[in-house]
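What follows is a set of notes on a single structure, which appears directly below.
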Amino acid sequence: MKTRVIKVDRDRPDPAAIEEAAAALRDGKLVAFPTETVYGLGAHALDTDAVQKIFDAKERPANDPLIVHIAHIGQVNQCAVGMPAGARKLGLSFWAGPLTLVLQKKPEVPDLVTAGLPSVALRVPSHRVARALMETAGIPIAAPSANRFSRPSPTTAAHVIADLDGRVGLILDGGPTDIGLESTIVDFTADPPVLRRPGGITFEQVHSLVPEVVVQTVQGSDDQPQPAPGQMGRHYAPRAELTLYEGPAAAVVPRVAADVRTAAAGGDRVGILAPEEDLSAIAPEIAGRASAGRIETSPYGSRGDLDRSARELYASIRALDATGVAKIFAIGVGSDGLARAIHDRLMRAADGRVKTIGYE
Ligand code: AMP
Ligand code: MG
């Protein structure tokens, strides 16, 4: 299959391009498109053959359910049986936006979409291109992130091409995505409701409207039971072995610098993934060493601008991976507000290799 990329204006997408993509979706074909979170790989959600193509293209295991994208809250009843009061509150407040609600599914939604679960995950994206596509197609669109399974999610069309060239017919290129991390998932089929994945809508925002919500995220180790399909720890992994360091900058920076020097001296090519001010602080500690040629660095935003950290995280991980380093030393930014989502993705990428550093 030849992959075609059509550039579209993110605010005023060309109606001809949208019509072509919508027709392909209605026809059971795959289309990759930008959303405000990450790029999605879309298919007609009520067409089992079309949905199967998503699993094939991504090499995604069938026990990992897909999120179904709809144009507005009024379409919930096409896929789900009712909305509990808390879910309605969240939908009315945060849709269109980076929030996914898990609800009781209708029989019309194929089992393939929900991995056989009696629930379905629904989201109304706010990105103009995604909205135009759904309004024009007039169908619910199942769309996981447009990456190969277990690779970091794509935040640019180039990332989609890197993973799916020849596996998807059409990619709408609307430039880099705004949020850069996948949506927040709140499961209302559990009682009390469970935050299954932190994302662009923070736990604090959800909690303010649904005080009974509880948090359940996987801490990245393989020996824990999986709370739900698709929650496997090793999900956002780079090819390199990533270790996550958490703690105040003043304590973490010297520790990472020391560990990087040791690894590089041992002959490993290593990378450092860190907020830009932490990288600046490390630079003098690794400069001028014989090992310096074996050390790559990649910034992701800043401790003072977590929106940018989220937006840049996956591109930064991909950039380091592309240099062929064997090990990545990653510095985290805490776990409050939006940092909870960043921490969650780094924990998964670290696959259990986490060091919490305090002041000596
Ligand atoms: P993504 O790959 O970013 O599209 O995210 C899909 C994820 O949504 C899955 O891996 C699950 O974690 C979650 N999900 C989808 N459907 C359900 C569901 N019915 N119940 C619980 N989680 C779900
Ligand atoms: Mg994904």
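Listing for the model above:
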read-out	value
Some residue of the stretch 144-166 being in a strand (DSSP E or B) and touching a residue at least 24 places away in the same chain (Cβ under 8 Å)	yes
Meets criteria (surrounded by fewer than 23 Cβ atoms within 10 Å (Cβ to Cβ), more than 16 Å from ligand 2 (Cβ to nearest atom), among the charged types (D, E, K, R) and within 16 Å of the chain's Cα centre (by Cα)) for residue 178	yes
Filtered residues of the stretch 338-352 (kept if assigned to a loop (DSSP other than H, G, I, E, B) and at pLDDT below 95)	351, 352
Count - residues of the stretch 310-332 that are part of a helix (DSSP H, G or I) and not hydrophobic (A, V, I, L, M, F, W, C)	6
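Results for (1) within 12 Å of ligand 2 (Cβ to nearest atom); (2) buried (at least 23 other Cβ atoms within 10 Å of the Cβ); (3) within 19 Å of residue 44 (Cα to Cα); (4) of a type in the set (Val, Ile, Thr), shown as yes or no for each residue.
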position: 124; (1), (2), (3), (4): no, yes, yes, yes
position: 129; (1), (2), (3), (4): no, yes, yes, yes
position: 133; (1), (2), (3), (4): no, yes, yes, no
position: 136; (1), (2), (3), (4): no, no, yes, yes
position: 145; (1), (2), (3), (4): yes, yes, yes, no
position: 150; (1), (2), (3), (4): yes, no, no, no
position: 154; (1), (2), (3), (4): yes, yes, no, no
position: 162; (1), (2), (3), (4): no, no, no, no
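Conditions (1) modelled with pLDDT of 95 or more; (2) part of a loop (DSSP other than H, G, I, E, B), marked per residue:
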{"site": "253", "(1), (2)": "yes, no"}
{"site": "257", "(1), (2)": "yes, no"}
{"site": "264", "(1), (2)": "no, no"}
{"site": "267", "(1), (2)": "no, yes"}
{"site": "277", "(1), (2)": "yes, no"}
{"site": "280", "(1), (2)": "yes, no"}
{"site": "288", "(1), (2)": "no, yes"}
{"site": "292", "(1), (2)": "no, no"}
{"site": "308", "(1), (2)": "yes, no"}
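The values are calculated or read from the model by the stated rules, or taken from the named source; none is laboratory data. Remember, it's a predicted structure, so these values are computed and weren't measured experimentally. Using ideal geometry, Cβ is built from the backbone for each residue, glycine included, and neighbour counts are taken over all protein chains shown.
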